[in-house]
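This report refers to the structure that appears directly beneath it.
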Ligand code: SAM
Ligand code: SF4
């Protein structure tokens, strides 16, 4: 199944169909057995996942959410990592029916930022307080080809504004050859992220009408090539709304197991984008298999239990309320203050945003407001980039995460980077909420993590920046 040549066949459709068709024991007693197993934090098998996907009783649903909360708190502590997407170009040669950037869409204004324009966007993000960006582009680059992406990453890392800079660039661009992945790694990227959109071949063929992206196998094997090229941290995902979410979750788990079997480590993150309206796309406004809010919460909770050590990313596609609810269920990273049109941060022009954005965001609040909200819920808004800069990536990160030790690093680093934000960028209201949170979190910590966190926070208060363990 996972041979070099036949690597693309690791998504076994018949097996997914069989798991969904199997008559599972869905009694309350069995659901509770599965939830008890999930709380041991060793993950779940397909049959377990299928049992949880079938829950409809409100009481059991509450127990599912409690289990997800328990696992999230135990492994990840109270931190929530923040980032901003940076759309550098909306040029694209593909025709994905759900996306505003698709080649045949005449309603979108096309633009690829120059390196100066990229730097201007980064300046705005740094001035807002961001430390991590996700570079995003359509699948067609200006005349210099793929080098454009490499240059963009370099430009992002070069920008310094006052005491701030971007410390981790993650990248979401079309699948690459191994040699290109090596070049991308050499620029110092963090995670390479790519969504399969749908793991269901028939659906995939129906929604990808032209261009290189029509090739399912080229896309589904992208993470194999990235990992072969030495990129340890990869991020996978499904565009929910194209095909049955239950089917997609089981197939996504097959992808994860394949990477674990072949490379000894699974993906660093899973993204769960739901389809949003996009200019020039009827499909985006009427997803063929819409996922309800309740199912969406369920799928986040199930992923948290099925793969406890993999980060889950929630973007601003979702509304503020739904995002709030999913933090507790297992989300570990969120975007904030996002624009999905190239040049959108510097220009702040609603008309241009409408005409050039990839999709409409559901959470429009600026970073400061999101930070305040996250902090007032008791989570530590974290801008930490420590793991990747200390080489704790791939299997090393997982080894650390598995016994729950990551909290020892994440909470102190989260607090120190949050303190940087409070001192350098926060509004007075956010500063007040944040200072109170830092004090209460520090008081509630114990032993070595507490001593480390106090030391780091004090270092930042006394003027140091970029301190981490
Ligand atoms: N062009 C590259 C690709 O397709 O992989 C990378 C960038 S693409 C802009 C990033 C992701 O946006 C896609 O993988 C897709 O999942 C998501 N996307 C596209 N249209 C969307 C929509 N209408 N709503 C939500 N997400 C969307
Ligand atoms: Fe292009 Fe990516 Fe949009 Fe497809 S999803 S049209 S490849 S930008």
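Here is how the numbers come out for the structure above:
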quantity	calculated
Computed FRET value (nearest 0.05) for residue 455 with residue 424, which takes r as the C-beta separation and R₀ as 25 Å	0.80
Spacing of the two label points (7 Å from each Cα toward its C-beta) at residue 154 and residue 115, in nm	0.6 nm
Normalised contact order of the chain, rounded percent, pairs of Cα under 8 Å and 6 or more residues apart	20 percent
Full-extension gain in nm, residue 36 to residue 448, via 0.36 nm per residue minus C-alpha separation	145.3 nm
The chain - mean residue ellipticity at 222 nm from DSSP helices (-39,500 (n - 2.57) per run, n ≥ 4, rounded to 500)	-15000 deg cm²/dmol
Which of 388, 199 has the fewest Cβ neighbours within 10 Å, and the rest in rising order	388, 199
When the range 45-160 is reduced to its Cα atoms, the Kirkwood hydrodynamic radius in Å	17.9 Å
Between the range 182-199 and the range 82-133, the alpha-carbon center distance in angstrom	16 Å
Translational diffusion of the chain, µm² s⁻¹ [Kirkwood Rh, Cα pairs; Stokes-Einstein; 10 °C; 1.306 mPa s]	70 µm²/s
Average silhouette area of the range 134-270, convex hull of alpha-carbon atoms, in square nanometres	9.2 nm²
Gain on full stretching of the segment that runs from residue 104 to residue 282 - 0.36 nm per residue minus C-alpha separation	62.7 nm
Inter-probe distance in nm under a simple model that places probes 7 Å from Cα toward Cβ, at residue 355 and residue 183	3.3 nm
Cα centroid of the range 395-469 to Cα centroid of the range 294-360, whole Å	24 Å
Debye intensity ratio I(q)/I(0), log10, the range 315-397, q values 0.12, 0.18 Å⁻¹ (C-alpha model)	-0.46, -0.88
128, 200 arranged by Cβ crowding within 10 Å, fewest neighbours leading	128, 200
Proxy reagent accessibility, fewest Cβ within 10 Å first, across 98, 204, 157	157, 204, 98
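Readers should treat all values here as calculations from the given coordinates under stated rules, not as data from a laboratory. Quick caveat: nothing in here was measured; it's all calculated off a predicted structure. Quick reminder, even Gly has a Cβ in these numbers, built from the backbone with ideal geometry, and neighbours come from all protein chains shown.
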